[in-house]
Amino acid sequence: MAEHPAYPVGLRLSGRRVVVLGGGQVAQRRLPALTAAGADVVLVSPEATPSVEAMADAGEIRWERRPYTEGDLADAWYALIATSDPEANERASAEAERHRVWCVRSDDADRATAWTPATGHSEGVTVAVLTTDARGRDPRHTAAIRDAVVEGLRDGTLVAPHHRTRTAGVALVGGGPGDPDLITVRGRRLLAEADVVIADRLGPRDLLAELPPHVEVIDAAKIPYGRYMAQEAINNALIEHARQGKSVVRLKGGDPFVFGRGMEEVQALAEAGIPCTVVPGISSSISVPGAAGIPVTHRGVAHEFTVVSGHVAPDDERSLVDWPALARLTGTLVILMGVDKIGKIAETLVAHGRPPATPVALVQEGTTAAQRRVDATLATVAETVRAEDVRPPAVIVVGPVVNAGPPVA
């Protein structure tokens, strides 16, 4: 049997009896995939790891707390033998052979009738890798191949074109705070599959250079507005390209629903009957402070954080922010789009109770190569912004957490 390569096949185990012998680390790694496949899993083992025991407590598997006995594999479709008793493993393997049950052994792969491939998943595709030469099995090499293929599918460097008709529509993708590595796996894959990308200025621009030549990239800031306001023009561009049967990605900075006007675009697409997928992104309100060494919460320092837009001043009638209430809070205040209004914001916070010495940090171009952090207090922040020429985009953090980390170099 060892002279021939394994024949790869996908087992459909939904509702079918699968027996796992042994509740240790091997079972802990394999059980989630078996339950995800819908298998009726019976665990036979006197003991189990805490994670395996939790699966039994949750009803995901049935656990018979005893050693293996003859007959346990009767009516099983598949068996995983992973006990610490070599003699029990041998007897169970022999029973599996008699009953024609596909059997994987963790202690002796050559004595098994099946091998578990190195598997990974990417948006509806399962990648399974087996070593073809039974005499030279190298699990680490197999896993490395699996990882390379899955990573390529996820980040778009390995693109497999769809040959069946795709459903045209729009994906509203949060690109994260700026570093191209901080976009989600799903967002990067959808970007790689797009026909048209309508991008914000604050989106991860480096990713646009990786797109295939046929992809049309539209700068949202340069869409001809005509008689429409900017957002209406963007909405119309999304609808127009989707109606042409194209796969459209609306690439936005941060998260689409955190001051990104994403819901306005979703509503416009819904009214036009265009399907829309929303892919959340890492918000700059948390990630940028973190990249600068600032936790928005910290034990004994801040038990809450509030994120507000500072694009209009506190005394502007359009402002929806209750600044006096924010001044009374003791937690962290994160201000987005507030660089040019920070002087008035600081005055308002101090006037309603925040101490003038409250630490403030401004993180410009967070997570990118141009990132810089400038520290001040509520009393000095307006002058510091002018003196240090702090410019948007910058995230402003107000509160004691600014000083929670190591000293700024």
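The values are calculated or read from the model by the stated rules, or taken from the named source; none is laboratory data. What you are looking at is a predicted structure, and each value in this text was computed from that prediction instead of being measured. So basically every Cβ, Gly included, is an ideal-geometry build from the backbone, and we count neighbours across all protein chains shown.
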*asked:* Suppose we filter T358, T330, T368 for residues that are modelled with pLDDT of 95 or more and of a type outside the set (D, E, K, R); which single one remains?
replied: T358
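Looking at the structure I just gave you, is I234 crowded, with 17+ Cβ neighbours inside 10 Å, in a strand (DSSP E or B) and at pLDDT below 95? So that I can check it myself, show each step before the final result.
Numbers: crowded, with 17+ Cβ neighbours inside 10 Å: yes; in a strand (DSSP E or B): no; at pLDDT below 95: yes.
Answer is no for this residue.
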*asked:* Any residue in the range 316-329 that is closer than 13 Å to V398 by Cβ sitting within a Cβ distance under 6 Å of a residue that is basic (K, R) and not in a helix (DSSP H, G or I)? List the pairs, counting only those 6 or more apart or interchain.
replied: A327/R354
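Pick from the range 240-257 the residues that are part of a helix (DSSP H, G or I) and touching a residue at least 40 places away in the same chain (Cβ under 8 Å): which of them is farthest from V217 (Cα to Cα)? Full working, then the answer.
The initial filter retains those residues of the range 240-257 that are part of a helix (DSSP H, G or I), namely 240-243.
Filter once more, keeping what is touching a residue at least 40 places away in the same chain (Cβ under 8 Å): 241-243.
Working: H241: 12, A242: 14, R243: 17 Å.
Checked the range 240-257; the qualifying residue farthest from V217 (Cα to Cα) is R243.
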*Go through A291, A325 for me and flag whichever is out of contact with any Lys or Arg (no Cβ under 7 Å at 6 or more places or on another chain), surrounded by fewer than 12 Cβ atoms within 10 Å (Cβ to Cβ) and in the same structural domain as V350 (by TED's automatic domain parsing).*
A325
_Criterion violated by G366 - all others in (1) small (G, A, S); (2) touching a Gly at 6+ places or on another chain (Cβ under 9 Å); (3) assigned to a strand (DSSP E or B) satisfied_ = (3)
_Options A39, A76, A56; residue that is surrounded by 12 or more Cβ atoms within 10 Å (Cβ to Cβ), touching a residue at least 12 places away in the same chain (Cβ under 8 Å) and over 30 Å from the mean Cα position of the chain (by Cα)_ = A76
*Given the residues T126, T119, T167, T131, which is the only one that is under 24 Å from the mean Cα position of the chain (by Cα), at pLDDT below 85 and under 30 Å from R98 (Cα atoms)?*
T119
_Which pairs turn up if I take residues in the range 371-394 that are under 19 Å from T332 (Cβ atoms) and look for partners that are of a type in the set (K, R) and buried (at least 16 other Cβ atoms within 10 Å of the Cβ) with beta carbon separation below 8 Å, at least 6 apart in sequence or on another chain?_
L378/R354
*Check whether at least one residue in the range 182-193 is in contact (Cβ under 8 Å) with a residue 40 or more places away in the chain and exposed (fewer than 15 other Cβ atoms within 10 Å of the Cβ), and report yes or no.*
no
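Check whether at least one residue in the range 82-103 is under 34 Å from the mean Cα position of the chain (by Cα), in a strand (DSSP E or B) and outside the structural domain of R186 (by TED's automatic domain parsing), and report yes or no. Steps first, please.
Kept after step one, since they are under 34 Å from the mean Cα position of the chain (by Cα), are these residues of the range 82-103: 82.
Narrowing further to those that are in a strand (DSSP E or B): none.
Within the range 82-103, not a single residue is under 34 Å from the mean Cα position of the chain (by Cα), in a strand (DSSP E or B) and outside the structural domain of R186 (by TED's automatic domain parsing).
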